[in-house]
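Only one structure is covered here, and it is reproduced in the block below.
The values are calculated or read from the model by the stated rules, or taken from the named source; none is laboratory data. Bear in mind that the values here come from a model prediction, so they are computed numbers and not experimental data. FYI the Cβ positions are ideal-geometry reconstructions off the backbone, even for glycines, and counts take in every protein chain you see. What goes into the accessible areas is simple: the full protein's heavy atoms, side chains included, and nothing from ligands, DNA or RNA. Shrake-Rupley method; radii C 1.70, N 1.55, O 1.52, S 1.80 Å.
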Amino acid sequence: VQLQASGGGLVQAGGSLRLSCAASGRTFSSYAITWFRQGPGAEREFVSGISWSGGITDYADSVKGRFTISRDSAKNTVYLQMTSLKPDDTAVYYCAASNRYGVPGRRLEYTYWGQGTQVTVSS
């Protein structure tokens, strides 16, 4: 599976962005897809994930109520709708794929990674 993340950009606090993770490969529907992010000087952290079926979603506490993850299997794409953005959301956002059940929370459970897309939120 190859992943291509896009949709990042510069936005003011309170604004919105939608990230996309487009996947190639016929087995896309077999993978959970998760967004991680890595801010300046920080470790890569879990943001939100969706199971292979779309029936299970998970969010970091810091983004609950502001971010929504969804997947369109027909387009082999997972979306992360981000609203009410804060400067603390500034980071490079990566999407990753795992063939584990549910939404794994640990980076080592993800086999495939996209290249990352920069999100910058100005105050």
Within segment 49-70, can you find the residues that are β-branched (V, I, T), open to solvent by less than 60 Å² (accessible area, probe 1.4 Å) and either more than 24 Å from V121 (Cα to Cα) or modelled with pLDDT under 95 (or both)? I50
Looking at segment 71-88 only, could you name the residues that are without any contact (Cβ under 8 Å) to a residue 40 or more places away in the chain and either within 10 Å of I33 (Cβ to Cβ) or surrounded by 20 or more Cβ atoms within 10 Å (Cβ to Cβ) (or both)? R71
Restricting to segment 67-123, count the residues that are within 18 Å of S20 (Cα to Cα) and among the charged types (D, E, K, R). 4
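For every residue, the table says whether it meets (1) of a type in the set (S, T, Y); (2) within 21 Å of Q115 (Cα to Cα).
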residue: Q12; (1), (2): no, no
residue: S29; (1), (2): yes, yes
residue: Q38; (1), (2): no, yes
residue: E45; (1), (2): no, yes
residue: S51; (1), (2): yes, yes
residue: I69; (1), (2): no, yes
So how many residues does segment 54-70 have that are over 16 Å from G8 (Cα atoms), touching a residue at least 24 places away in the same chain (Cβ under 8 Å) and not charged (D, E, K, R)? 4
Return yes when T27 is open to solvent by 10 Å² or more (accessible area, probe 1.4 Å), out of contact with any Leu (no Cβ under 9 Å at 6 or more places or on another chain) and of a type outside the set (A, V, I, L, M, F, W, C) and no when it is not. yes
Take R18 and tell me if it is touching a helix residue (DSSP H, G or I) at 6+ places or on another chain (Cβ under 9 Å) and either open to solvent by less than 50 Å² (accessible area, probe 1.4 Å) or not hydroxyl-bearing (S, T, Y) (or both). no
Checked segment 30-48 for anything in contact (Cβ under 8 Å) with a residue 40 or more places away in the chain and either buried (at least 21 other Cβ atoms within 10 Å of the Cβ) or not small (G, A, S) (or both); matches are Y31, A32, I33, T34, W35, F36, R37, Q38, P40, R44, F46, V47
